[in-house]
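What follows is a short report on a single structure.
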Amino acid sequence: MRLLEYQAKELFKEFGIKTPPSISSKDIEKGRKDAKELGYPFVIKVQVPVGGRGKAGGIQKCSSDDEFELKYPQLLNMSIKGEKTRAILLEKMADIEKELYLSLFLNRSKRCYTIIASSEGGVEIESVKNQTIREVGLGDVDTQTAKEVANEIGLKDSQEEQFVDMLQRLSKLTIEKEAELAEINPLAILKDGTLIALDGKVMTDDSSNFRHDELQKYQEKSELEKQAEKSGFSLVELEGNIAVIGNGAGLVMSTFDLVSDNGGKPATFLDVGGGATTETVYEALTLISKMKRVKGILVNLYGGIVKTTTVAEAFIQAYNNNLIDIPVFARLMGTESEKAKEMLKDTKTKMFDSIEDAINGVVMEANK
Amino acid sequence: MTDIYEILRGQKDADGNYQKKKVIVQGITGKYGSTHAKLMLDYGTNIVAGVTPGKGGQIFEDKVPIYESVKEAVEATGAEISIVFVPAKFFLGAAKDALESGIKLLVAIPEHVPIRDAMEAIELAKKKDAIIIGPNTPGVIVPGLIKVGIMPATPFSTGKVAVLSKSGTLLYEISNNLTSAGFGQNITIGIGGDPVNGTRMIDAFDMVKDDPELEAMVIVGEIGGDSEEILAQHIIDTGFSKPIVGYIAGRQAPKEKRMGHAGAIVMGNYGSAESKISMFAKANIPVAKRPGEVAVLLAGKMNS
């Protein structure tokens, strides 16, 4: 799960990591109350699950009611990189002396947590300079290691102490919440010498959700994504108009790449999974039928254990029930594919032997 | 390092045939486990025991005895290979049972195993000098001899190319293309689509690279993590000289979105397809633009 800033900060507070005073809201009525409580001036920050929001104008200063009435609705209705605003955070401005960077992430190849720290923060991690990188195993970060990291990024005395404390708290959070990433960026040194988390990003391991009921309130899935999860397939929604369906994440990604290479714009990444049945594929088609922007459906299946006839049957049911009336371009390979092609012969499904031809067809259709 | 070929096929006998190694199936009575146990038996895999707690003493398909634990199954059969089909939340328990009972190759099928559990199982495997393939893997196959996994049989044929793949369906698709083009496979290993893999790309490479029968390798990667980059550097460092061709899925995937696999996510530049493709280029590994191109590139490399 990718937590929004305000959610990450709630966790920070729970673990004793200092953050500026802030309140989150999802509508302007609540926002007005928050504004009164917090008092001007403050910053209005859009909450989106994607980076680069500062540059996109998603963080605005606000120092009066008039400004608030103008800016709050603007920010609430904005989209950044295709992601709609999920919430608004009002936050007191901090008196910043210097911005640092600190994160703990799961190093997949080393199979341990890794600290990244830098005396230069406030930019995206790729642009963070002078990185101090430390592999720290799977347990808590010990005081000695935390001190060494603090020293390497030039912190001494009280600031070193505060940093050590913050890093150890962040490490505790990472382990307890089973996070793949916990990032404080920027970690600000205020004019009065206090260290504080100005922005936060936390990504948790979705596979561990079953033992983290306390995190469920942070789940920010669209209705479609929730339904997809219930039916056992994975769905990523995008802004395009071609629904891409297949079995197996790799095959769908590969199909997705080819659609984009050929000028098409995918509306979905939909993996019906290795255990697809007629019912689940039918449900997938039901989801897609609700997406009004979709102009064509591209199906790429490699039938292995899942028979292609199982999938063909779902399409036939969907046609019979008038569920879909947009053209379908399909390439079916593997188990019983000849039979599946025969089944779909007289339907709106156009069959192709190569995925390249199917893609050409669907892209032309969608760009009409 | 534990020799995966030794575990999967042993030494040739006087007639030049490899051995039929014994395999245990954990979760053999479940819907998924039983389906695939049958398919593996059909392929010729020597399944000697099943494990389902509470069902010990029963017989699967009139020939495979079921035990309460891997410990009992190993004591009765001496098998060193086990394939696990239990639900993700029970994986760690099942893995411990297997590894502590002397299993040397554990094929972990379940998807959605928590990373922490996977890491704990991997730690234990290291201590026991055992190999875990997966989790979230289609498994491993030595075509014509042994299939320990959920892959369909048809894409694979005997031959001399090793295929290592994070993705299952792309493994089938690409192996099928290779087979059609006359490139059979010596072994194919599913790395798995999770963030943490028992056998990483680099481990799988080291396991297969010295086999004298091996003539070429195909590496099927995808966005997320840095295992392809690390492998490419390793190939440069070791000077491996047999032909290798790559494929990377997810070039056009949006950042910070999980693309079906738990591990398939780009964070900043970490895990991006560009990063992987440029490292492959440095290691002189051509990367196919589409799955169908892999066999074509390999043919080019083999003839040059």
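For chain B, divide the Cα radius of gyration by the Kirkwood radius and give the resulting Rg/Rh value with two decimals.
In chain B, Rg relative to Rh is 0.96.
To test your reading of the geometry: what angle, between 0 and 90 degrees and rounded to tens, separates the Cα axis of helix A:249-261 from the longest principal axis of chain A?
The answer is roughly 90 degrees.
Which entries in A:36/A:84; A:172/A:201; A:156/A:177; A:292/B:255; A:36/A:71; A:98/A:191 show an alpha-carbon gap greater than 18 Å?
A:36/A:84; A:156/A:177; A:292/B:255
Roughly what % of Cα-Cα distances in region B:34-79 sit above 12 Å, to the whole percent? Walk me through the numbers on the way to the answer.
Numbers: 600 of 1035 pairs.
Looking at region B:34-79, the distances longer than 12 Å represent 58 percent of pairs.
Using a Förster distance of 56 angstrom, determine the FRET efficiency expected from the C-beta separation of residue A:95 and residue A:322, and round it to 0.05.
Here the calculated transfer efficiency is 0.35.
Could you give each residue of region A:319-333 its phi-based ³J(HN,Hα) in whole Hz, using Karplus coefficients 6.51, -1.76, 1.60 with θ = phi - 60°, and x for Gly or Pro?
Result, ordered by residue: 5, 4, 8, 6, 6, 10, 10, 8, x, 10, 10, 10, 10, 10, 10 Hz.
Can you tell me what share of the DSSP beta bridges in chain B is antiparallel? A percent to the nearest 5 is fine. Numbers along the way, then the final one.
On the way: 9 of 46 bridges.
Given both bridge residues lie in chain B, the antiparallel proportion sits at roughly 20 percent.
Could you tell me what % of all Cα pairs in region B:163-247 have separations over 19 Å?
Summing the P(r) of region B:163-247 above 19 Å gives 33 percent of all pairs.
More than 23 Å apart: what percent of Cα pairs in region A:236-340 qualify?
When every Cα pair of region A:236-340 is considered, 19 percent fall beyond 23 Å.
log10 I(q)/I(0), Debye, Cα-only region A:202-271, no solvent, q = 0.18, 0.20, 0.27 Å⁻¹?
Results for region A:202-271 at q = 0.18, 0.20, 0.27 Å⁻¹ read -0.77, -0.88, -1.19.
Nearest 100 Å² is fine: how much accessible area is buried between B and A, summed over both sides, with a 1.4 Å probe?
The contact between A and B buries close to 4400 Å².
Based on DSSP, what percent of beta bridges with both residues in chain A are antiparallel, to the nearest 5?
Of those bridges, close to 70 percent are antiparallel.
Over all alpha-carbon pairs of the protein assembly as shown, lay out the pair-distance distribution in 10 Å bins, whole %, shortest bin first.
It works out to 3, 15, 23, 25, 19, 10, 4, 1, 0, 0, in whole percents.
If you average over every viewing direction, what projected area does the convex hull of the Cα atoms of region B:154-303 give, in nm²?
Details: hull surface 32.0 nm².
Over every viewing direction, the Cα hull of region B:154-303 projects on average to 8.0 nm².
I need the peptides B:179-188, B:193-202, A:222-231 ranked by packing, meaning the mean over residues of other C-beta atoms within 10 angstrom, with the highest value on top.
My ranking of the peptides, most packed first, is B:193-202, B:179-188, A:222-231.
Report the Rg/Rh value for region A:1-133, based on alpha-carbon coordinates and the Kirkwood definition of Rh.
The Rg/Rh ratio comes out at 1.00.
Once every DSSP H run of n ≥ 4 in the protein assembly as shown is given -39500 (n - 2.57) and the sum is divided by its residues, what mean residue ellipticity at 222 nm do you get, rounded to the nearest 500 deg cm²/dmol? Intermediate results must be reported in sequence, preceding the final value.
Working: 21 runs with 232 residues, N = 672.
Calculated from helices alone, the mean residue ellipticity at 222 nm is -10500 deg cm²/dmol.
Rg to Rh ratio, chain A, alpha-carbon atoms and Kirkwood radius?
1.06
Over all distinct Cα pairs, what is the inverse of the mean 1/r for region B:85-156, reported as the Kirkwood hydrodynamic radius in Å?
12.6
Of A:332, A:303, A:321, which is farthest along the charge dipole of region A:220-368 in the positive direction, counting Lys and Arg as +1 and Asp and Glu as -1 at C-beta?
A:321
Using only Cα atoms, tell me the angle between helix A:65-76 and the longest principal axis of chain A; keep it within 0 to 90° and round to the nearest 10.
40
For the protein assembly as shown, what proportion of DSSP beta bridges, expressed in % and rounded to the nearest 5, is antiparallel?
Among the beta bridges of the protein assembly as shown, antiparallel pairing accounts for roughly 50 percent.
FRET efficiency for residue A:190 and residue A:109, Cβ-Cβ distance as r, R0 = 45 Å, nearest 0.05?
0.75
Give the Debye-formula value of log10 I(q)/I(0) at each listed q (0.12 Å⁻¹), with one equal scatterer per alpha carbon of region B:4-133, two decimals each.
Taking Cα atoms of region B:4-133 as identical point scatterers yields -0.42.
I'd like the orientation of helix B:91-100 relative to chain B: the angle between its Cα long axis and the longest Cα principal axis, in ° from 0 to 90, rounded to 10.
That works out to roughly 70 degrees.
The values are calculated or read from the model by the stated rules, or taken from the named source; none is laboratory data. Worth saying up front: this structure is predicted, and the values here are computed from it rather than measured. Note: ideal-geometry Cβ built from the backbone for every residue, glycine included; neighbour counts use all protein chains shown. These area figures cover heavy atoms from the full protein model, side chains too; ligands, DNA and RNA do not enter into them. Shrake-Rupley method; radii C 1.70, N 1.55, O 1.52, S 1.80 Å.
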